[in-house]
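Before any comments, here is the structure.
What follows is calculated from the coordinates using simple rules that are stated; it is not laboratory data. No experiment lies behind these values; they were computed from the predicted model shown. When we count neighbours, we look across all protein chains shown, and the Cβ atoms used for this are built from the backbone with ideal geometry, even at glycine.
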Amino acid sequence: MKDIEHKPAPRGRFITFEGGEGSGKSTQIRMLADYLEEQKIKVILTREPGGSPGAEIIRHLLLSGMGKLLGPEAETLLFAAARDDHVHQVIKPALEQGTWVLCDRFTDSTAAYQGKVGNVNPAMIEALERVTIGSLKPDITFILDVPVAVGLQRAINRRGKAMADRFEQENLEFHEKLRMAYREIAADDPKRCVLIDANADADEVGRRIRDELQARLPAPAEQEPAHHG
């Protein structure tokens, strides 16, 4: 009697969302997750820094401003440590099981915040990427672009009376440089990155994201659903 052949689940898709403060990433990730689940696609939502127990501890240190006190290179090492734990504990296992991973920030954030704006040596950032993610790259990255004044006002409205975090506290020049950094990243890698005008109604932005996803990746409805259980 022949053994039953067990076909491995197709690899899940890895989709990342990037952008400056108040660009609407969290809202758009939730909207895309709802859409994919309607298509019977198994999805998890995660974030950086954070996403795994160890990385969440480091997130608290980073957003409190502790990393900034240590200097840009040390802060970059903390981000890398958090990413290493996140990738190996959450992202890679999910993708191997056929789950689609939607991540709020990934390596482009390090390239923009610490690299292009913080002036950390690109060779250091590239070396850390080789160690933490290896060959893992997002299938598609949505970079949400909004005028700095709009994004910062959104961030203020979102946090209410809570204290601004490490990056929200930066000056206007920092955020303008950050926006330009993300636009450069999108221009340098057009096959992977999609620059989305996010200065619009959330539903309209969501429609643009779904249209780009369908154009660049096989339609979710055509994917073989991941088996549950």
Checklist entry - Given H placed 1.01 Å from N in the peptide plane, which residues other than close sequence neighbours of LEU195 have an amide H under 5 Å from its amide H? => result ILE143
Item to check | Helical mean residue ellipticity (222 nm; -39500 (n - 2.57) per DSSP H run of 4+; nearest 500) of the chain | outcome: -14000 deg cm²/dmol
Checklist entry - Can you run phi through the Karplus equation (6.51, -1.76, 1.60; θ = phi - 60°) for segment 135-140 and list ³J(HN,Hα) in whole Hz, with x for Gly and Pro? => result 8, 5, 9, x, 6, 7
Checklist outcome for this item: Applied in sequence order to segment 43-56, the curve 6.51 cos²θ - 1.76 cosθ + 1.60 (Karplus, θ = phi - 60°) yields integer Hz couplings, x standing for Gly and Pro, of 10, 10, 10, 8, 8, 9, x, x, x, 9, x, x, 5, 5
Checklist entry - Given H placed 1.01 Å from N in the peptide plane, which residues other than close sequence neighbours of GLY19 have an amide H under 5 Å from its amide H? => result LEU144
Checklist entry - ³J(HN,Hα) across segment 141-154 via Karplus (A = 6.51, B = -1.76, C = 1.60, θ = phi - 60°), whole Hz, x for Gly/Pro? => result 10, 9, 9, 8, 10, 9, x, 4, 4, 5, x, 5, 5, 4
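Could you tell me which trypsin sites (Lys or Arg not before Pro) in segment 72-158 are loop residues by DSSP with no more than 13 other beta carbons within 10 angstrom of their beta carbon?
none
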Checklist outcome for this item: Which residues qualify? For ILE140, with a placed amide H closer than 5 Å and at least 5 residues away or on another chain, they are PHE14, THR16
